[in-house]
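The values are calculated or read from the model by the stated rules, or taken from the named source; none is laboratory data. No experiment lies behind these values; they were computed from the predicted model shown. Virtual Cβ from ideal backbone geometry, glycine too; neighbours counted across all protein chains shown.
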Ligand code: SF4
């Protein structure tokens, strides 16, 4: 090792796991990671971290890291030099474009990559290829929340900060396993509950840690959150408990909305949700009579066929009770991946340029066409879900996936992998030979966050810088450099020497980020969008109205139809979610020894009642069968689930993966898979 590698060094980074966006110093010696040290100046986490942020870094030095580009030759991969890989990709892409048209290519950006990389991925799709077929994995999770908020309040992000959640008098969490999925944020809620008498109401199918701590815990029937939300809102209006001043000054569409609530009587809601009428009444009263209310939600709301409408119902309730634009109030869709917010913010979406400006808007499109000197298609491109469908229909022939394990995280993987196999060209860019790469024609070895500079945006819309802890592992490159090489080979010389220049370009084009500059993000400084040109940001949104022409929010009428239920044959409902120790499909955490040893295997949670009924015990082996496929796993009997509810962690690998069971049903407004609406039957393989 050289002298330089042996020096002890300290660099600030942003956690690469969840959307809380913890920042800390990473101490290194060469490539060795000595320790992770939180810093009191960290805006989102102060001196806290969770197990993943503290110990989840071994994957960076894993022996399994890819260090050479791979090209498929028959049934195996051959290692090639970068030059060869880049020309191969560009040549094949141009052939497909020439032969079938630009819209035969599709791009999936990564919510683990930086904002700058998301910006470049969509720039590559739109400028170099000429298609709007670009999406990212928020399609799997929070696209419905974004939709619900856009419709009502105009910005698809958290209304305030984690401090606002902590300062609220009453926090509702709906379909969020906060203690395991957003651990540091959950600690803030626990602290406020303990020290300041904050109330916590939890809505979930599963009695997880936060449910056990809650002042009130509700278990509405799966997929019926829209109903109790609307019934509670109606009851508040019927009692005259709404915030009349707020409604008069800041809200449009009241009459039509009020009319749409007619069907949502307490009786109807109680029937469908299973929550007693008395409980709905007292819930309405507490929400209406409490000064500051904040609502947090996650996949338990969004991954349903009515995910967007349910997110809309949350926002309607907040509007009726005047819980926007004041400290301690607002809507908080808790973002999963560290940069799922930023990835959408910076334009990796089929209908939006960076900063959520529509491709159909001539003025906006003209601005990008001028800057990039090309024609860009007006019509929105295909989203993730549509791309997979289109491969099956022969309307899409090539796909480029950056940092996403599509073949395991998308719903109904049997269907998805059959599509991936059909592609004429499939490019995967990742750290490891992922499950998805086995279908690839080319695999490009990327570098993780510690090996590059850039920015991430957390769930609070907070843009934070990270600094390079050490050079990219030999043979690998950061995603932005790979994209730049591909663009250059295609005849577009972008010429960026540092990610700050990419941000400068994005800020110059997207008004939402007008004042975002690297010098304003030095060290632990951060900016929460929208950022005005002079650098003023907005930690709390809507203090002076909503981003519509008349500055008024819009109540959005909804109706409800039960979209999903178990049947006599498929009699069990499978729920799924995260574990504290692992992250999603486990790509990174499985490669961190300390974590893997602690929680090696995925399991199926079975209620005590069901275990008794089926005559099975802890450790039994069962097979679950849905209309899409089957999965097997080991049983753990627990009181966290009840009755005919099962729970599977997301991180299952091999045959226990949840997505063998999920099917093609999606949220009707955003095409997000209805991961949480799976009915199965259970076959016992071994009783114990
Ligand atoms: Fe990382 Fe989230 Fe844990 Fe913070 S709470 S250390 S951001 S995984």
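Side notes on the structure shown:
- Residues of the range 338-345 include none that is in contact (Cβ under 8 Å) with a residue 24 or more places away in the chain, under 26 Å from residue 528 (Cβ atoms), surrounded by fewer than 24 Cβ atoms within 10 Å (Cβ to Cβ) and in contact with a strand residue (DSSP E or B) (Cβ under 6 Å, 6 or more places away or on another chain).
- Among the numbered conditions (1) away from the ligand (no atom under 16 Å from the Cβ); (2) touching a strand residue (DSSP E or B) at 6+ places or on another chain (Cβ under 9 Å); (3) more than 29 Å from residue 671 (Cα to Cα), the only one that residue 489 does not meet is (2).
- Tallying residues that are touching a residue at least 60 places away in the same chain (Cβ under 8 Å) and surrounded by fewer than 20 Cβ atoms within 10 Å (Cβ to Cβ) within the range 400-424 yields 3.
- Residue identified as away from the ligand (no atom under 16 Å from the Cβ) and within 28 Å of the chain's Cα centre (by Cα) among 103, 75: 103
- Residues of the range 46-56 classified as surrounded by fewer than 24 Cβ atoms within 10 Å (Cβ to Cβ) and touching a residue at least 60 places away in the same chain (Cβ under 8 Å), total: 5
- Residues being over 13 Å from residue 103 (Cβ atoms), out of contact with any strand residue (DSSP E or B) (no Cβ under 7 Å at 6 or more places or on another chain) and crowded, with 21+ Cβ neighbours inside 10 Å - total across the range 373-396: 1
- Taking the range 611-624 as the range and being surrounded by 18 or more Cβ atoms within 10 Å (Cβ to Cβ) and within 25 Å of residue 413 (Cα to Cα) as the test, the residues that pass are 622, 624.
- Counting only helices (runs of 4 or more DSSP H) wholly contained in the range 164-269, the ones carrying 2 or more residues that are within 16 Å of the ligand (Cβ to nearest atom) and either touching a residue at least 12 places away in the same chain (Cβ under 8 Å) or surrounded by 18 or more Cβ atoms within 10 Å (Cβ to Cβ) (or both) occupy 178-181, 183-196, 209-213.
- Of the residues 119, 59, the single one that is within 26 Å of residue 22 (Cα to Cα) and either within 16 Å of the ligand (Cβ to nearest atom) or assigned to a loop (DSSP other than H, G, I, E, B) (or both) is 59.
- Of all residues in the range 84-100 being under 34 Å from the mean Cα position of the chain (by Cα) and without any contact (Cβ under 8 Å) to a residue 12 or more places away in the chain, the one that is farthest from residue 434 (Cα to Cα): 95
- Within the range 34-56, the set of residues being farther than 28 Å from residue 164 by Cα and either within 7 Å of the ligand (Cβ to nearest atom) or in contact with a strand residue (DSSP E or B) (Cβ under 6 Å, 6 or more places away or on another chain) (or both) comprises 34, 35.
- The single condition among (1) at pLDDT below 95; (2) surrounded by fewer than 22 Cβ atoms within 10 Å (Cβ to Cβ) that residue 460 does not meet is (2).
- Qualifying residue in the range 17-32 (condition: in a helix (DSSP H, G or I), near the ligand (Cβ under 7 Å from one of its atoms) and buried (at least 19 other Cβ atoms within 10 Å of the Cβ)): no
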